[in-house]
Each structure stands twice: as structure tokens, then as C-alpha cells.
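No lab work stands behind these numbers, since they all come straight from the coordinates. From a predicted model like this one, the values you see are computed outputs, not experimental measurements. When we count neighbours, we look across all protein chains shown, and the Cβ atoms used for this are built from the backbone with ideal geometry, even at glycine.
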Amino acid sequence: MEVLPVINCLDFECANERLATLKTFLKKGDWVHLDVADGRFTFQKSWRNPTEWANLRSEFNLEAHLMVEEPERYIDSWIAAGASRLIVHKETLTEETARAIVARTRRRGMEVMLASNPYTETRELWPFLKFFSHFQVLAVDPGPAGQKFLPVVLQKIKFLRNFAPNAKIEVDGGVTPEIAKEVKRAGANMIVSASYIFNNKNPKAAFKKLQRT
């Protein structure tokens, strides 16, 4: 299972500390996942300054999870900051903005994922599936780490795997080794983790355990 540690911080100092921890066990070019929450789409803001991220000069590939209203306003700044993959939410898109975002990222040779909230039904995804090749399933309400995984998303993972056999399907929220096994059986091939890794006394061991699922 591919595992991406999550940086979900309230300030620059926290982000810098988490990157320092990750440098003790990730390799150059490995992926990290950054939560960008605006307090409008989510019920909590996170640190989300692309210029400060660029100043960190991270050696990792960045996946930026844009939990924001009007994500089209943020695309260029995160590309400029060095993001290699963007995640945008179905709930914030129209078909027009989805088409435009995918076109902009493809011109830059970047990947973009379509995310959906736990209780967004698969029928609501249909108009957007034609634009995207990869998907994220959010398994908690958009917002802070530490929430419990919602099993309702397992059916959505199965649906997406049947729809797109070769897609990257990422699960975000409440992931433990036991949950990782469940979502893998449902069809996911990527997970992201914040609490399980960073709240562990040995973040490296926690990361490796998730990888082995």
C-alpha cells in the first residue's frame, strides 16, 4: 500500500517540524500530503501559505489537498509553490470549473484527483468522472485530524475501482492498519495518515506498518 504522511498544521512552525520528522525516514522524492483548509469549505482553517511552503524547499513531492471553496483560485499558486499533484473536491466544482482545472494541470504535466466527502453519493459523481483519472475518498468530515473512519465510504471505493480499474484511489481519514486492510480489499491503493503516524512514539515504525498492509 502506498502511504502518504499528512501535514495538517495550523502554522508554519508545525509544518517545518513535521517535515523534519519525515526527513528521518522518507527518501528524497517520496510523497507527502498537505491539507489546505480555508475555514469555508471546512469548519477549521489550516496553515495554507504556498509561499512559505516554497521557502521550506522540501525534498519531497507534494500532494496538495485543496479543501477550499473556489479551488480554481488556488491552482496556480500551489503549482508555483512546487505541488506535483492537486486534489479538488466535487462539492466545490461545476462541470465548467472541473474541465478548466484538469486542462490547466495537464498542460503542466501534473496529476489532479477528484475528492468527495463521505456522504456524497456516487450518483453525484457521475457528471465529473469523465474529467478525472484518479480519485480520493474522504472518509471523515473535511477538517481536523483525529476523526473516526466512516465505513459508509467502502461502497464508494468499490464503485470507483469498478469504474476505473487502473486509477489511483486514495483514502483519507481515520486510517489505521486495520482500516488500511479494509480499504485495500475495497479497491484503494493509496492511503494518507496524520494521527496514526505523528501521534505514535515511533513515527517511522507506524509508517512502515501502514505500508505493510
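Mind telling me which of the residues Ala15, Ala98, Ala103, Ala20 ends up being touching a residue at least 24 places away in the same chain (Cβ under 8 Å) and either under 30 Å from Thr213 (Cβ atoms) or out of contact with any strand residue (DSSP E or B) (no Cβ under 9 Å at 6 or more places or on another chain) (or both)?
Checking each option against the conditions leaves just Ala15.
Taking region 134-168 on its own, how many of its residues are outside any loop (DSSP other than H, G, I, E, B), of a type in the set (Val, Ile, Thr) and touching a Lys or Arg at 6+ places or on another chain (Cβ under 8 Å)?
1
Taking Glu178 as the residue in question, decide whether it is assigned to a helix (DSSP H, G or I) and acidic (Asp, Glu).
Taking the combined requirement at face value, the residue satisfies it.
Against the conditions (1) aliphatic (A, V, I, L, M); (2) surrounded by fewer than 17 Cβ atoms within 10 Å (Cβ to Cβ); (3) within 21 Å of Gly146 (Cβ to Cβ), where does Val183 fall short? Just the number, please.
(2)
In this structure, is Phe163 of a type in the set (A, V, I, L, M, F, W, C), more than 15 Å from the chain's Cα centre (by Cα) and surrounded by fewer than 17 Cβ atoms within 10 Å (Cβ to Cβ)?
Yes: the conditions hold for Phe163.
Inspect all residues belonging to region 82-89 and state whether any of them is hydroxyl-bearing (Ser, Thr, Tyr), in a helix (DSSP H, G or I) and touching a Leu at 6+ places or on another chain (Cβ under 8 Å).
no
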